[in-house]
Amino acid sequence: MIQAVDVVKSFGDVKALNGVSLSVPEGSIHGLLGHNGAGKTTLVHILSTLLEPTGGTARVCGYDVTAEAEEVRRCIGLTGQFASVDEQLNGRENLALVARLLGASRRQALARANELLELFELTDAATRPVLQYSGGMRRRLDIAASLVGGPRVIFLDEPTTGLDPNARIGVWETIERLAKDGTSVLLTTQYLEEADRLCEQITVLSAGSVVADGNPAELKAEVGERLVTVTLATRSDMEAAVRALEAAGIRATPQESGTALSAPVAAAADLAVVVRILSDAHTEIAELAFSEPTLDDVYLKLTHEPTRTPVPA
């Protein structure tokens, strides 16, 4: 549904995008992850026909974003970083207004507005001015407005920025429902937990270039590190524990507490290996923990290695 190939965008001497490629299949959520200035919004603006690329090609719903921009606009919805609804109108009036602008009759517009209000659980607030909506309600209404025309593809540009945790979870559930109903979603975000929960595929941008592309599990496996954290019963066992692990080829790093150490392992099953080594060294374990790599680990490593070869999908 979305296909970008070597997309370049320059603003004078500044290259905002430098050969970005991605592919989004129907009914999936694709995450575009990156820091401020990484090029996420620039790419969304190109794919939604708000900007023309300097180089490369991009197609949405099968249409070229430059040569067939009008056709692209008919099949997409866009929710930007800031809510675009009219605060002086109520929820129903906002949605009906968008429907009328898209050519619906008054009756059709009202029906579509009511349908979306129910879908986004805003029916009880339908007649309240949007000025009185919470941040989460306003964001859901904004997403609903981008769906009035029944788009096959929707671009969500940092849709949960500034929302509290409960409101953010509500928007996440809305996005998951869209994909379940067959809508293709391109989601830009700076929230790593958001990308991890929602996205089947993630493209990581840094300084306008793709530094990684894959599903969350692939990215974590590629650059993350599984850790065993051992808390010893006594501080005096630390030296013996470190020596025993390193003799077995396992790098051990003591922590500031003086009683805990961490060691990288390949899999959860290696916990038993660590326990056996420490037992043979006659050290007593008070606590044992295993942690998987997170997208935080992936992101920090990737964005500090700008020349890195992209991780294959």
Considering residues of the stretch 243-289 that are farther than 27 Å from Lys220 by Cβ and surrounded by 14 or more Cβ atoms within 10 Å (Cβ to Cβ) only, the residue farthest from the chain's Cα centre (by Cα):
Ala281
Restricting to the stretch 192-208, count the residues that are part of a loop (DSSP other than H, G, I, E, B) and surrounded by fewer than 19 Cβ atoms within 10 Å (Cβ to Cβ).
2
Among all residue pairs at least 6 apart or on different chains, which show Cβ distances below 7 Å where the first residue, located in the stretch 96-116, is closer than 18 Å to Val130 by Cβ and in contact (Cβ under 8 Å) with a residue 40 or more places away in the chain and the second is part of a helix (DSSP H, G or I) and among the hydrophobic types (A, V, I, L, M, F, W, C)?
Val98/Ala145; Ala99/Ala109; Ala99/Ala113
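Restricting to the stretch 224-235, and then to whatever is buried (at least 18 other Cβ atoms within 10 Å of the Cβ) and β-branched (Val, Ile, Thr), can you tell me which residue is modelled with the highest pLDDT? Talk me through it step by step, then tell me what you get.
As a first pass, look at the stretch 224-235 and keep what is buried (at least 18 other Cβ atoms within 10 Å of the Cβ): 224, 226, 228, 230, 232.
Applying the additional criterion that residues be β-branched (Val, Ile, Thr) yields 228, 230.
On the way: Val228: 90, Val230: 93.
Here the answer is Val230.
Quick grid of which residues meet (1) within 19 Å of the chain's Cα centre (by Cα); (2) free of Cβ contacts under 8 Å to residues at least 12 places away in the same chain; (3) more than 19 Å from Thr188 (Cβ to Cβ):
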| position | (1), (2), (3) |
| --- | --- |
| Ala16 | no, no, no |
| Ser21 | yes, no, no |
| Leu32 | yes, no, no |
| His45 | yes, yes, no |
| Gly55 | no, no, yes |
Being assigned to a loop (DSSP other than H, G, I, E, B) and more than 22 Å from Val185 (Cα to Cα) is the filter here, so list the residues in the stretch 110-130 that pass it.
Ala126, Thr127, Arg128
Just name the residue that is surrounded by the fewest Cβ atoms within 10 Å (Cβ to Cβ) out of those in the stretch 131-164 that are among the polar types (S, T, N, Q) and over 21 Å from Leu187 (Cβ atoms).
Gln132
Ile29 fails exactly one of the following numbered conditions: (1) surrounded by 15 or more Cβ atoms within 10 Å (Cβ to Cβ); (2) modelled with pLDDT under 95; (3) closer than 30 Å to Thr123 by Cα. What is the number of that condition?
(2)
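Restrict the check to the stretch 165-184 and report whether at least one residue is surrounded by fewer than 17 Cβ atoms within 10 Å (Cβ to Cβ) and within 27 Å of Gly19 (Cβ to Cβ). Explain how you work it out, then say what you get.
At the first step, the residues of the stretch 165-184 found to be surrounded by fewer than 17 Cβ atoms within 10 Å (Cβ to Cβ) are 165-166, 169, 173, 176-177, 180-182.
Okay, now just the ones that are also within 27 Å of Gly19 (Cβ to Cβ), so none.
No; the residues of the stretch 165-184 include none that is surrounded by fewer than 17 Cβ atoms within 10 Å (Cβ to Cβ) and within 27 Å of Gly19 (Cβ to Cβ).
The values are calculated or read from the model by the stated rules, or taken from the named source; none is laboratory data. Worth saying up front: this structure is predicted, and the values here are computed from it rather than measured. As a convention, Cβ positions derive from the backbone with ideal geometry for all residues, glycine included, and neighbour counts pool all protein chains shown.
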